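For reference, the structure is listed below as structure tokens.
The values are calculated or read from the model by the stated rules, or taken from the named source; none is laboratory data. Treat the numbers as computed from the prediction; the structure is a model and nothing was measured. With ideal geometry, Cβ positions are generated from the backbone for all residues, glycine too; neighbour counts draw on all protein chains shown. Each accessible area value is taken on the protein alone, full model and side chains, heavy atoms only, with ligands, DNA and RNA left out. Shrake-Rupley method; radii C 1.70, N 1.55, O 1.52, S 1.80 Å.
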Amino acid sequence: MIVGCPKEIKNNENRVGITPAGVEAMCKNGHVVYVEKNAGVGSGITDQEYITAGAGIIATAKEVYALSDMIIKVKEPLEPEYELFRENQVLFTYLHLAPEPALTKALLAKKVTGIAYETITAGRTLPLLVPMSEVAGRMSIQIGAQFLTKPWGGKGILLGGVPGVESAQVVIVGGGIVGTNAAKMAIGMGARVAILDRSAERLAYLDDIFQGRVTTVMSNSFNIAAWVAKADLLVGCVLVAGTKTPKLVTEAMVKTMSPGSVIVDVAIDQGGSVETIDRITTHSEPTYVKHGVIHYSVANMPGAVARTSTFALTNVTIDYALQIANKGWKKAVKENEGLAKGLNVVNGKVTFWGVSEGLGLPFTPWTDVIDSAADLPK
């Protein structure tokens with residue numbers, strides 16, 4: 001199989017979809033790898049390192065797409081990339097299609113086989129989301145601490161306080177991987193931390209691992225409203241795999257927060273869990289103020305720590321990419337149920353229920369369309 005890795009073009013997205021170690025693994029399995037020139041520079045990886053590992057360096061993304069059977073990326077393609085898709089080409093990346101009608105339409109029109117990192121499963125986990133969730137969760141507290149300072153428009157609070165002065169109140173909505181890592185950082189910085197989750201089992205687990213250093217709260221609209229009002233830093237960590245995130249924090253709740261408070265919504269790439277977050281921001285312009293509260297809604301947070309994020313992500317994606325390349329995507333998904341759940345679009349059909357529901361498009365089980373789809377692009 002010919003595997004291509006283009007340079008990411010999202011604002012300040014410095015991650016890259018494959019490392020030299022991944023290139024070497026592909027080449028040892030008999031595949032050809034093309035990497036766009038300077039694709040790895042933002043992650044500290046030179047073209048020469050890719051060449052040494054066995055890759056060919058290609059001048060433009062257009063050429064990478066034109067040559068490749070499978071495209072490996074980090075983030076969802078943006079509009080300038082839509083025209084580069086080839087019919088039946090495999091696209092292996094984070095897709096987050098539920099809030100992206102234009103991208104979904106483009107993938108369907110070109111009959112791209114879209115395999116989304118974020119919906120692949122292993123048992124009850126989402127293994128290709130875990131490393132970026134860990135990064136984003138930890139970053140959310142660093143970012144929140146920065147924007148709570150006065151020069152950045154915040155109320156002028158040191159997250160951990162000092163002796164004799166109360167520390168900041170961090171409220172985390174969602175106790176999964178993101179929320180757990182956010183709590184680790186917040187506790188480490190000396191903040192007071194509350195975590196809300198709808199699972200009693202998860203709250204018991206969090207209480208155990210943090211040994212009583214966090215306040216665990218059952219998540220419901222009443223409790224969310226009470227804790228949002230107390231928050232100096234509110235972190236939205238809610239995820240429903242492959243579909244739009246429910247709006248758990250309402251505009252009325254945000255209005256109860258004191259001026260200069262900060263909201264960081266980590267789930268923004270799936271639509272966000274905060275009603276007042278009505279736009280995606282960028283690393284260049286990461287925040288806006290509404291009702292006196294600073295809103296941070298950057299959809300590619302881990303791109304700011306690109307080297308850490310690239311290696312953490314590719315550590316887990318390469319095995320799946322090899323399954324697809326070695327077997328062809330059809331055989332690979334038939335033999336791996338968890339990988340099959342990554343199929344979001346196939347042969348012009350939406351094959352993931354969350355995307356269908358989120359965009360109001362017809363749903364077709366992948367098993368109904370796989371035999372009519374091609375293994376390789378035209």
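Scanning for something open to solvent by 20 Å² or more (accessible area, probe 1.4 Å) and at pLDDT below 95, does region 93-100 turn up at least one residue?
For region 93-100, residues open to solvent by 20 Å² or more (accessible area, probe 1.4 Å) and at pLDDT below 95: present.
Search region 35-88 for residues being of a type in the set (Gly, Ala, Ser) and in contact with a strand residue (DSSP E or B) (Cβ under 7 Å, 6 or more places away or on another chain), and hand back the single one that is nearest to Leu103 (Cα to Cα).
Ala61
Does region 241-275 hold any residues that are under 20 Å from Asn220 (Cβ atoms) and in a strand (DSSP E or B), and which are they?
Val249, Ile263, Asp265, Val274
Can you pull out the residues in region 10-22 that are open to solvent by less than 50 Å² (accessible area, probe 1.4 Å) and under 16 Å from Thr93 (Cα atoms)?
Correct list: Lys10, Glu13, Arg15, Val16, Gly17, Ile18, Thr19, Gly22.
Consider Ser219 carefully, then state whether it is of a type in the set (S, T, N, Q), at pLDDT 95 or above and farther than 19 Å from Thr180 by Cα.
no
With the condition kept exactly as written, say whether any residue in region 32-51 is of a type in the set (Gly, Ala, Ser), more than 16 Å from Glu13 (Cα to Cα) and in contact (Cβ under 8 Å) with a residue 24 or more places away in the chain.
no
Residue check: is Val238 open to solvent by less than 10 Å² (accessible area, probe 1.4 Å) and more than 25 Å from Ala39 (Cβ to Cβ)?
Here the answer is no, as Val238 does not meet what is asked.
Could you list all residues from region 101-128 that are under 19 Å from Phe363 (Cβ atoms) and either of a type in the set (Ser, Thr, Tyr) or open to solvent by less than 10 Å² (accessible area, probe 1.4 Å) (or both)?
Result: Leu103, Thr104, Leu107, Val112, Thr113, Gly114, Ile115, Ala116, Glu118, Thr119, Ile120, Thr121.
Please determine, by comparing only the residues of region 255-275 that are more than 15 Å from the chain's Cα centre (by Cα), within 22 Å of Pro151 (Cα to Cα) and of a type in the set (A, V, I, L, M, F, W, C), which one is surrounded by the fewest Cβ atoms within 10 Å (Cβ to Cβ).
Met257
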